[in-house]
Amino acid sequence: MISFTSTWSSHTFKIKTPELLFDLFLDSLIYRKMGKESSLWIISPWLSDVNFSFVGRSTLSGIFHFPRKSIRLSEILENFLKYGGKLKLICRPPHDLIDIDSIQMLFYLEDADFQRKDTIIYKVVDSVLSHKATIDFMLSLLPYVKLKKAKIRFNEKLHAKIFVSESCAVIGSSNMTFSGLYSNLEFNCTITDEENINKIKEFCDEIWSKSDDLVDYVRKCADFQILLDSLESIKDKFDPKIKDLYVKLQTLKDIIA
């Protein structure tokens, strides 16, 4: 069965994309708690630790042992992986998420002298950090990558947004970000019949085969090292979040190496 959904309220679509994705992730967790085979695909160029609401779903809050109003994706996945679930994630690589040209601009702006310098620096820093959430989210899964419960690959051409469990797939225009799920005008569809889910999984496998393995990327990608070197040159001079980004990526390199 194929049905359609959106991220905004309308008379046509009664169920919103966040609610469907919340169901998809929770169902996968419940399957694992019941001892059933359960795997997840998350394919999204950009990611963040989005919040899902328990409003109208009070009976489900017991899954996490105490009453609550909402839950973040990272906590759902953490429980899913701890119970033996398997996750494959594909997103854009770090060097494609962080604008190296903007980093170089900051390096030169530091010693420049002109009007509105602080305003321009603020905007450039914001540009550098605009996709930091994707890297933060990806790195939060690193402990489970080491345990071989989660696998991560990068694809700089990625534009598809696909989320697949054992019993459902959601595909469309929404990234796994707050704006992609809650504020942008997005259109998606959900698939629940086994034949089409299997076809989507086959397509996911194709994308996977054409994407860069996390370990190979960190060890061999020259663009990743250029990004690290560029961040190192400005890490102590501007927003502390830049240093945090550098430290996390350097730690990733140290762990993989």
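The values are calculated or read from the model by the stated rules, or taken from the named source; none is laboratory data. Computed from a predicted structure; not experimentally measured. When we count neighbours, we look across all protein chains shown, and the Cβ atoms used for this are built from the backbone with ideal geometry, even at glycine. With ligands, DNA and RNA removed, areas are computed over all heavy atoms of the protein, side chains included. Shrake-Rupley method; radii C 1.70, N 1.55, O 1.52, S 1.80 Å.
Out of all the residues in segment 185-220, which are over 30 Å from Tyr246 (Cα atoms) and among the hydrophobic types (A, V, I, L, M, F, W, C)?
If the condition is that a residue be over 30 Å from Tyr246 (Cα atoms) and among the hydrophobic types (A, V, I, L, M, F, W, C), then Leu185, Phe187, Cys189, Ile191, Ile197, Ile200, Phe203, Cys204 are the ones that fit.
Mind listing whichever residues of segment 198-247 are within 30 Å of Ser165 (Cβ to Cβ), touching a residue at least 12 places away in the same chain (Cβ under 8 Å) and open to solvent by 70 Å² or more (accessible area, probe 1.4 Å)?
Answer for segment 198-247, where residues must be within 30 Å of Ser165 (Cβ to Cβ), touching a residue at least 12 places away in the same chain (Cβ under 8 Å) and open to solvent by 70 Å² or more (accessible area, probe 1.4 Å): Phe203, Lys210, Asp212.
Restricting attention to segment 174-205, which residues are among the acidic types (Asp, Glu) and in contact with a Gly (Cβ under 8 Å, 6 or more places away or on another chain)?
If the condition is that a residue be among the acidic types (Asp, Glu) and in contact with a Gly (Cβ under 8 Å, 6 or more places away or on another chain), then Glu186 is the only one that fits.
Residue-by-condition table, conditions (1) in contact (Cβ under 8 Å) with a residue 12 or more places away in the chain; (2) farther than 30 Å from Arg32 by Cα; (3) surrounded by 18 or more Cβ atoms within 10 Å (Cβ to Cβ); (4) touching a His at 6+ places or on another chain (Cβ under 7 Å):
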{"site": "His95", "(1), (2), (3), (4)": "yes, yes, yes, no"}
{"site": "Gln115", "(1), (2), (3), (4)": "no, yes, no, no"}
{"site": "Tyr122", "(1), (2), (3), (4)": "no, yes, no, no"}
{"site": "Thr134", "(1), (2), (3), (4)": "yes, no, yes, no"}
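So which residues in segment 186-197 are under 19 Å from the mean Cα position of the chain (by Cα) and crowded, with 18+ Cβ neighbours inside 10 Å? Quick ask: steps written out before the conclusion?
Initial filter on segment 186-197 (under 19 Å from the mean Cα position of the chain (by Cα)): 186-188.
Answer for segment 186-197, where residues must be under 19 Å from the mean Cα position of the chain (by Cα) and crowded, with 18+ Cβ neighbours inside 10 Å: Glu186, Asn188.
Restricting segment 45-93 to residues that are β-branched (Val, Ile, Thr) and either modelled with pLDDT of 80 or more or within 19 Å of Ser174 (Cβ to Cβ) (or both), which is surrounded by the most Cβ atoms within 10 Å (Cβ to Cβ)?
Applying the filter and picking the extreme gives Ile90.
Looking at segment 166-206, which of its residues are assigned to a strand (DSSP E or B) and farther than 22 Å from Gly85 by Cβ?
Gly172, Phe187, Asn188, Cys189
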